[in-house]
Every structure is written in C-alpha cells, then in structure tokens.
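*Asks:* Dropping the structure in here first, questions after.
The values are calculated or read from the model by the stated rules, or taken from the named source; none is laboratory data. Every value quoted in this text rests on a predicted model; they were computed, and no experiment measured them. In this analysis, Cβ positions are derived from the backbone assuming ideal geometry, glycine residues included, and neighbour counts consider all displayed protein chains.
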Amino acid sequence: QESFNHINCVYRDWLEIELQNLSASPANVPLSTKCVTPPRVLIDQDDMYNEIFQKLDCEKDLRKIECLLIAYMTSLSEYSIPPQHNLNELLITNLAQQKKFTALQQLLQYGVISNTKPLACLLLSLGNMHPSALQMALDMLARIGAKEEIQEILLSEDQIVSALKIAEDSANPRKFLSAASKSGNHTLLH
C-alpha cells in the first residue's frame, strides 16, 4: 500500500492545484498567468483502472484484483480522494464473483465503497446471488436519502407497510393501493 500512498499523494496534490485553478477569485485579485507544470509522473484513477486492473485476468486473478483494489481504494480514502465509479463497480463485482458478501458488506459499512444510486442498482442486481445484497442496496440508498427509490424497491418486494412507513405526506396513495391490491392480501388492502 506504500506505493499506492505515494501515487495518491502526488495525485491529491495535483487535484488540489487543479481545483485552485478552477475556483473563482474575487474581482479585485489579478488572475494568475503562471502555468503550473504537472508532476513528471501523474497516475490518476483512470490510469490505474485501465493500465493495471483491466490488464489482469478477471477470472484467474480474482483474489489479486481484490487485494490490489482494496489497498488502492483504502489509499485513496486516506488522501480524501473519492474513488471513481468504475473502481467501486469492479470491487463489488469481484467480491460477488468470489461470493464474499460479508467482506462486501464491511467495505460498504466502512465507506471504502462509495454510496451512489448506480452502485445500489448493481447491488440490487446481485440479489439473486445472495439475500443480503438487497439489504445492502437499501442501506446504501438510505445513506444518500433516496426515499422514493427505497419505496419502489419495497413495493416491488411486496413490503407495502414498510414502504408506507417511509412515505411522505405528498406520496401518491394510488401507488400503495395498487400494490396492496396486487398483493392479494385483503387485510392489507382494507
């Protein structure tokens, strides 16, 4: 991980310079015309993904990819650099292929894997591989405050009462009545 830390230290410094150059300055401050030269070697997340992780044999090197990804993403986290979607997706699919859902759950809980709607959808698609994938997706959506998406998932799982519990006053009652009607549970409908 020491190598990743060095790579990400340089990467973070470069990101900070780029952000400073893009940020707005007060009108009375003259614009800097000084051109900042990039470091001799700059390895960003796209480089790591395309030149390292994609070059490994995904079927033969599952364990190696897992270890490298976790080390790299942990290093990114230490330097307060959010990992890009493709790295998160690769780690999730890698762990799912190895059926390491407990490890996946821990990485989600500790924030190594980012919380996004597309990643929650990926977790939902893994529901047929492991029952905890649905709950991991719901937890991720809850962390980002995606109540409507959570409701839709709960309704699709015939968990109508749970969906109603998180419904806001402006929620469409027809959606819940329709789901209750389709469930065939007459007690729930009335």
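*Asks:* Counting just the residues of the range 36-93 that are among the small types (Gly, Ala, Ser) and surrounded by 13 or more Cβ atoms within 10 Å (Cβ to Cβ), which one comes out modelled with the lowest pLDDT?
*Replies:* We begin by selecting, within the range 36-93, every residue among the small types (Gly, Ala, Ser); these are 71, 75, 77, 80.
Remaining after also requiring surrounded by 13 or more Cβ atoms within 10 Å (Cβ to Cβ): 71, 75, 77.
On the way: Ala71: 95, Ser75: 95, Ser77: 91.
In this case the residue turns out to be Ser77.
*Asks:* So Leu138 clears everything in (1) more than 21 Å from Gln45 (Cα to Cα); (2) in contact (Cβ under 8 Å) with a residue 60 or more places away in the chain except one condition, right? Which one?
*Replies:* Leu138 satisfies every listed condition except (2).
*Asks:* How many residues are farther than 22 Å from Asp44 by Cα and within 14 Å of the chain's Cα centre (by Cα) when one looks only at the range 61-94?
*Replies:* First, the residues of the range 61-94 that are farther than 22 Å from Asp44 by Cα: 61-63.
With within 14 Å of the chain's Cα centre (by Cα) added as a condition, the list becomes none.
Residues meeting the conditions: 0.
*Asks:* Exactly one of these conditions fails for Ser32: (1) within 19 Å of the chain's Cα centre (by Cα); (2) at pLDDT below 90. Give me its number.
*Replies:* The number of the failed condition is (1).
*Asks:* Mind checking which residues of the range 125-166 are in contact with a Lys or Arg (Cβ under 8 Å, 6 or more places away or on another chain) and over 30 Å from Leu95 (Cα atoms)?
*Replies:* Ile166
*Asks:* Would you say Gln151 is assigned to a helix (DSSP H, G or I) and surrounded by fewer than 18 Cβ atoms within 10 Å (Cβ to Cβ)?
*Replies:* Numbers: assigned to a helix (DSSP H, G or I): yes; surrounded by fewer than 18 Cβ atoms within 10 Å (Cβ to Cβ): no.
No.
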